[in-house]
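Please read the structure below before turning to the comments.
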Amino acid sequence: MTEPLDLFASDPTDTADPPPDLETLRARAAGCTACELYHDTTGTVFGSGPPQARLVMVGEQPGDQEDRQQAPFVGPAGRLLDEALDEAGVARDDAYVTNAVKHFNFRYQGKRRIHETPKAGHIKACRPWLDAELALVKPQVLLTLGATAGKALLGSSFRITAERGEPRAWNDMTLVPTIHPSAILRADPARGQDRDEMFAGFVADLKVAGDLLS
Ligand code: URA
């Protein structure tokens, strides 16, 4: 049993003056320098969606497009997520979408910026913003997309293949872990990965989350 969220217990940015709303929180997060990722990016990609959403989706980190457009899940993975949500009958516009890490972590390959998985230190540094978003939105259902988001909230023992699609109580919410849409985009038949099967499994997990919304 996890402890209820203590809104700003872990927030190094301000314990005396908790942000009253998401806009205040967003403004504070824009100036975050808690890890080195802010150096080379356009800015903090904060969550987006209705402030009282019943569903929150948490991804890994913004990608190249998200960093350029300063919004979560607007690139290729976001388009696949939209397609799957549509098929699952879950409205993205009713959900609040955010990431475990709010700056793009990448390396250059020539001029291209190539995604790098965030390190434990990046996730830890960013966690207060995620906790604060969750405490303000107070969703009923929390959907984690991929291993990074799952581990960020459930700990390093989280195993996506064994635990995906299984709802569990987490603080005052029900958390449903699923795969990351990028895993479907990268599906490799040589490794026995079938894109259509993966997409169908992803849709099934999204339906589990959707059915929990009352
Ligand atoms: N992948 C993520 O995890 N989040 C985004 O916002 C975009 C791609």
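The values are calculated or read from the model by the stated rules, or taken from the named source; none is laboratory data. Treat the numbers as computed from the prediction; the structure is a model and nothing was measured. Virtual Cβ from ideal backbone geometry, glycine too; neighbours counted across all protein chains shown. What goes into the accessible areas is simple: the full protein's heavy atoms, side chains included, and nothing from ligands, DNA or RNA. Shrake-Rupley method; radii C 1.70, N 1.55, O 1.52, S 1.80 Å.
Structure data summary
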quantity	calculated
Accessible surface, 1.4 Å probe, highest first, among residues 151, 124, 119	124, 119, 151
For the range 183-195, Karplus couplings with θ = phi - 60° (6.51, -1.76, 1.60), whole Hz, Gly/Pro x	5, 6, 4, 9, 3, 10, x, 5, 9, x, 9, 9, 4
Simple label model, 7 Å out from Cα along Cβ direction - residue 204 to residue 109, nm	3.2 nm
Around residue 213: net Lys/Arg minus Asp/Glu count, Cβ-Cβ under 12 Å	0
For the chain, share of DSSP beta bridges that run antiparallel, in % to the nearest 5	35 percent
Solvent-accessible heavy-atom area per residue, rounded to whole Å², over the chain at 1.4 Å	50 Å²
Per-q log10 I(q)/I(0), the range 86-170, q = 0.22 Å⁻¹ (Debye; single scatterer per alpha-carbon; no solvent)	-1.22
Portion, in percent, of the accessible area of the chain that falls on carbon or sulfur, probe 1.4 Å	49 percent
Sum of -39500 (n - 2.57) over DSSP H runs of 4+, divided by residues of the chain (222 nm, nearest 500)	-11000 deg cm²/dmol
Within the range 45-181: Cβ-based charge dipole about Cα centre, in debye rounded to nearest 20 (Lys, Arg +1; Asp, Glu -1)	600 debye
Residues of the range 55-99 with amide N under 11 Å of the 7 Å Cα→Cβ point at residue 23	none
Computed log₁₀ I(q)/I(0) - Debye formula, equal Cα scatterers, no solvent, the chain, q 0.08, 0.14, 0.16 Å⁻¹	-0.26, -0.82, -1.09
